[in-house]
Amino acid sequence: MTRKFDVTALGELLIDFTQNGMSEQGNPVFEANPGGAPCNVLSMLSRLGRKTAFIGKVGNDGFGKQLAAAIEEVGINAEGLVYDDDVHTTLALVHTLEGGDRDFSFYRNPGADMNLRTEELKEDLIKDASVFHFGTLSLTDEPVKHATHRAVEIAEAEGLLRSFDPNLRPPLWKSLDDARREVDWGLQHCDVLKISDNEITWFTGKDDYDEGIAYLKEHYPAIKLICLSLGPEGSRAYYGDIRAEVKPFLQKETIETTGAGDTFGACVLDGVLREGIDSLDAEKLTEILTFANAAASIVTTKKGALRVMPDRETVEAFIASFQG
């Protein structure tokens, strides 16, 4: 069956205020970058030639209009984007720490992304896709939590491949127990899981990553592919009895890690769409991880994420430069 979209994602679309130098008065200067994990994923997929669509909500304000223009600019279908007349667009301040990691402060109490209602879902965008992707920020509060559950239900009924990224942001949860319950729900409803080193340690209580993966496989046997991002240590993929591991592409030019995990996850989905979820092997997984690691490395050298994703030729040339 030919579908109109390769990947449809639901979730947050927001402004990431990322630090970009200091003013003459010695104050930090922040740049308003379009962001939000699901759209970062879709942006990278669009750069790889995939057809993508987004479902979410922004405020009917200047930032909301900026975001709508940004996702359309990078090739994401915005028919599923809804405007909220009463609640402003969600904002995040991203402080870059030593080593390029980040600390987030959110202005989301409430934020427009939390207000997406089930009746506002454009269901055809889900039904006409091959993959449905979601995370946990759309599971923190109602009514978007119920809308997410309904969207996943539609994806399951239509036989879509379901992709899940926990994308844990502790400040956005009333408690980490709530976060754990929703991550558990997501794990029960996905075929492809992208999870980070800190997330798997937190969720499973295992310091050894292989032990953490074994825990996930035991408790969530329906997950077909688990990809583990390890930051400066590279990444791993677990598929049946196969375990693949690829080293990172470390660069002196790295300035921040915003969007790197989303870029990685998008490249994994691109590989799954190309190879098929039922015919992966160690060689294919190594190839997918290599490409994903390289693309994520490129993004760490740029400010923001959504607008700066590399295309396929750029990533391939980057890999070749390391191998040469």
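Points worth noting:
- The condition of being more than 25 Å from Asp16 (Cα to Cα) and in contact with a Ser or Thr (Cβ under 7 Å, 6 or more places away or on another chain) holds for only one of Leu285, Leu289, Leu306, Leu280, that being Leu289.
- Which numbered condition Leu193 misses (of (1) touching a residue at least 40 places away in the same chain (Cβ under 8 Å); (2) hydrophobic (A, V, I, L, M, F, W, C); (3) in a strand (DSSP E or B)): (1)
- Selection status of Leu216, under 24 Å from Gly271 (Cα atoms) and in a helix (DSSP H, G or I): yes
- Yes/no for Ser163 being crowded, with 23+ Cβ neighbours inside 10 Å, among the hydroxyl-bearing types (Ser, Thr, Tyr) and more than 20 Å from Asp178 (Cβ to Cβ): yes
- Restricting Gly62, Gly21 to residues that are over 21 Å from the mean Cα position of the chain (by Cα) and more than 29 Å from Asp141 (Cβ to Cβ) narrows the list to Gly21.
- Checking each residue in the stretch 165-184 for being among the hydrophobic types (A, V, I, L, M, F, W, C), part of a helix (DSSP H, G or I) and touching a Ser or Thr at 6+ places or on another chain (Cβ under 9 Å) picks out Leu172, Ala179, Val183.
- Filter result for Gly62 (among the small types (Gly, Ala, Ser) and surrounded by 19 or more Cβ atoms within 10 Å (Cβ to Cβ)): no
- Residues that are on the phi < 0 side of the Ramachandran plot and outside any strand (DSSP E or B) were ranked within the stretch 7-31; the one that is surrounded by the most Cβ atoms within 10 Å (Cβ to Cβ) is Leu13.
- Within the set Val82, Val29, the sole residue that is under 22 Å from Val131 (Cβ atoms) and over 18 Å from the mean Cα position of the chain (by Cα) turns out to be Val82.
- Of all positions in the stretch 151-159, at least one carries a residue that is β-branched (Val, Ile, Thr), farther than 25 Å from Asn198 by Cα and modelled with pLDDT of 95 or more.
The values are calculated or read from the model by the stated rules, or taken from the named source; none is laboratory data. Computed from a predicted model, the values in this text were never measured in an experiment. Neighbour counts run over all protein chains shown; Cβ positions are idealised from the backbone, glycine included.
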